[in-house]
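Engineer: Can you read through this structure? Questions will come right after.
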Amino acid sequence: MPGAIHAEGLVKCYGEIRAVDGVDLTVPEGSVLGLLGPNGAGKTTTVRLLTTLLRPDAGTATVAGHDVVRAPDLVRRSIGLSGQFAAVDDRLTGRENLRMIGELYGMRSRTARQRADELLARFELTGAADRVSSTYSGGMRRRLDLAGALVVRPSVMFLDEPSVGLDPTSRLMLWDTIERLVESGTTLLLTTQYLEEADRLARDIAVVDHGRIIAHGTPRELKTRAGRQQVDVVVERGEQIDGTAELLARFSTRTPDVDRGRFLVSAPVEGGVHRLTEVVRALEGAGIEVSDISLRRPTLDEVFLALTEPATGSRTEHVMVPAGAAGEKE
């Protein structure tokens, strides 16, 4: 069986730019694939191809058993799509938005009303059902948008950056909703820039860069593939950060990462606890005062950066950006 979503050699060009450059992927029924990549990597374009919003220039794709080029109407009847920005009508109430979607899909008025009521309860929006959606918070609008994508009970869902712009509480509520959706048997393709989101929701991950899939596997497999463990050193004084980075560079094949705001220097190392002991001795010998030091497996974020941003030989200065502060533009 090819899977609920299957693509071979998918290509989309804009002039000389190959936004999607030979993508192959398969998502088995009832599973979740996280499609990760930096801005402009081709994630959203891939979703638009699979949901029939764009026509591929080459390659083939099937969704729910239907060819996206030969049978686009059947694909659209089988899927739900929630894009980067909530597609709700601000002039309508939450209930009216869902009823409208149902009737546009050909539901009888009574059936559309019943389905709207079911979804409002499921997404904890019953109390705001008769308010115009322009008064909804960002999290409520996103939940209403997701409810709209489920009106026709799709077997396959596409979520493109579902938590962009949400505060932490709304994001956690959305994740709970998505998990319940998957437990009910829906197949899901999720695009995101938030690695914690993919780590929690996706069983498999495909990393996209420059329109191509450059890595694929479970979160654990990708972390294992990165191989080296990570040493994190927090120094007592800011003036010791550069010296610590220079010292760690002797034990690592990559330039250490520096977070000056937290007095943190990190670097991948090989050798496990034995190498950590060597680092501790070297720090003591250099007279560097350490408030904390640890050895850990790489996070999915670090795997992602290693795959998409090869070392350039210059030290990385991290700027901490809160989740929800960025969105993809393609």
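Engineer: If you go through segment 122-148, how many residues are open to solvent by 10 Å² or more (accessible area, probe 1.4 Å), small (Gly, Ala, Ser) and closer than 12 Å to Glu96 by Cα?
Structural biologist: Number of matching residues: 1.
Engineer: Something else about it: Has segment 132-145 got any residue that is out of contact with any strand residue (DSSP E or B) (no Cβ under 6 Å at 6 or more places or on another chain), touching a residue at least 60 places away in the same chain (Cβ under 8 Å) and part of a loop (DSSP other than H, G, I, E, B)?
Structural biologist: Scanning segment 132-145, I find no residue that is out of contact with any strand residue (DSSP E or B) (no Cβ under 6 Å at 6 or more places or on another chain), touching a residue at least 60 places away in the same chain (Cβ under 8 Å) and part of a loop (DSSP other than H, G, I, E, B), so the answer is no.
Engineer: Right, next: Given the condition part of a helix (DSSP H, G or I), at pLDDT below 70 and under 29 Å from Thr46 (Cα atoms), answer yes or no: does some residue in segment 309-330 qualify?
Structural biologist: No: zero hits.
Engineer: Since Val151 meets every condition but one in (1) open to solvent by less than 10 Å² (accessible area, probe 1.4 Å); (2) closer than 19 Å to Tyr105 by Cβ; (3) out of contact with any Lys or Arg (no Cβ under 7 Å at 6 or more places or on another chain), which condition does it not meet?
Structural biologist: (3)
Engineer: Turning to a different aspect of this structure: When only residues in segment 27-86 that are small (Gly, Ala, Ser) and either in a helix (DSSP H, G or I) or in contact with a Phe, Trp or Tyr (Cβ under 9 Å, 6 or more places away or on another chain) (or both) count, which is surrounded by the most Cβ atoms within 10 Å (Cβ to Cβ)?
Structural biologist: It comes out as Gly37.
Engineer: Something else now. Taking segment 87-107 as the search range and keeping residues that are open to solvent by less than 50 Å² (accessible area, probe 1.4 Å) and assigned to a loop (DSSP other than H, G, I, E, B), which one is modelled with the highest pLDDT?
Structural biologist: Filtering first and then ranking leaves Leu92.
Engineer: A follow-up question, please. With (1) under 19 Å from the mean Cα position of the chain (by Cα); (2) part of a helix (DSSP H, G or I) as the list, and Ala215 as the residue in question, which single condition is left unmet?
Structural biologist: For Ala215, the exception is condition (2).
Engineer: Name the residue that is surrounded by the fewest Cβ atoms within 10 Å (Cβ to Cβ), counting only residues in segment 175-207 that are hydrophobic (A, V, I, L, M, F, W, C), touching a residue at least 60 places away in the same chain (Cβ under 8 Å) and assigned to a helix (DSSP H, G or I).
Structural biologist: Val182
The values are calculated or read from the model by the stated rules, or taken from the named source; none is laboratory data. These figures come from a predicted structure and were not determined experimentally. Glycine gets a Cβ as well: all are built from the backbone with ideal geometry, and neighbour counts include every protein chain shown. Just so you know, the surface numbers come from the protein's heavy atoms only, side chains and all, with ligands and any DNA or RNA stripped out. Shrake-Rupley method; radii C 1.70, N 1.55, O 1.52, S 1.80 Å.
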